[in-house]
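Data block below; observations after.
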Amino acid sequence: MPVREEAIVYGVNAALAVARHRSEALLRVFHTRERRKVVGPLLSAAAISRRPYREVTSDELTRIAKTLHHEGVVVVCQPMPLVPFEALLAGLPISSVVVALDEIGNPHNLGAILRSAAFFGANAVLYPSAERQAHLSPAALRVAQGGAETVSCTAVSDLGAALRALTARGFECVAADPEGGRALVDHVFRRPTCIVLGNEGEGLSPSVRKACTVRLSIGVPGQTASVESLNVSVAAGILLSRAFLAS
């Protein structure tokens, strides 16, 4: 009999989102006494699904979650399913906004990007299945605050090839590129569009930069910034807001 895969989700909003969007994936729930009322919908979903839930100490939750940042609740569930790229591509509407990540290494950045993508209503987030790319880890899911449950996620073997496939479907692939490009304030977003963000330290890889149809520089023309660059998750939020405000 095959061993069932299990994933850990901790944090109040992330855990509640599992119950709200895929309660069938619940396997076990642990919570502290102080969080019992807050996570009531999660416990109800577990009871309806006939999944066990148990009140434990904060120290025991720390042991289960392997972090102090569990916020008083831990869910053991089936892993978040990734959408195959071909299926994603076939199902994207003409008005889509997609976010592509070029080896974003920090799981907190991935989580923050997923949170912004969900807030603005982006259709999908795709990233390479590379070793240094952050994936849907418990830390990323907590920072996403439930956003990972509402935005389709896809891992691809070749991000440059995926961007070219999007371009062939009519997407404008817009990269945030601190090394140069058109000023963001001068660009008018159109649909469908794919917002591309590079690695925190090295930026866009050559193959991904080449696959992008537009490169944008975030900044105020004529004004010297007091810091060299923005955090990648902040850049994602700015570009997402521009893309959706322009629609």
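The values are calculated or read from the model by the stated rules, or taken from the named source; none is laboratory data. These figures come from a predicted structure and were not determined experimentally. Positions of Cβ are backbone-derived with ideal geometry, glycine not excepted, and every protein chain shown enters the neighbour counts.
For segment 173-198, taking the residues that are within 15 Å of Ala235 (Cβ to Cβ) and of a type in the set (Asp, Glu), the one that is modelled with the highest pLDDT is identified as Asp177. The single residue among Gly222, Gly160, Gly201, Gly170 that is at pLDDT 95 or above and assigned to a loop (DSSP other than H, G, I, E, B) turns out to be Gly170. For residues in segment 173-198 being in a strand (DSSP E or B) and without any contact (Cβ under 8 Å) to a residue 60 or more places away in the chain, which is surrounded by the most Cβ atoms within 10 Å (Cβ to Cβ)? Here the residue is Ala175. Can you find even one residue in segment 127-137 that is in the same structural domain as Val232 (by TED's automatic domain parsing), closer than 15 Å to Val234 by Cα and among the polar types (S, T, N, Q)? No: zero hits. Which of the numbered conditions does Ala47 fail, given that it passes all the others? Conditions: (1) touching a strand residue (DSSP E or B) at 6+ places or on another chain (Cβ under 8 Å); (2) among the aliphatic types (A, V, I, L, M); (3) under 19 Å from Arg142 (Cβ atoms). Unmet condition: (3).
Conditions tested, residue by residue: (1) touching a residue at least 60 places away in the same chain (Cβ under 8 Å); (2) assigned to a strand (DSSP E or B).
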site	(1), (2)
Asn109	yes, no
Ala112	yes, no
Arg115	no, no
Ala122	yes, no
Gln133	no, no
Ala148	yes, no
Ala155	yes, yes
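Among the residues of this structure, Gly111 counts as one that is in the same structural domain as Gly237 (by TED's automatic domain parsing) and crowded, with 22+ Cβ neighbours inside 10 Å.
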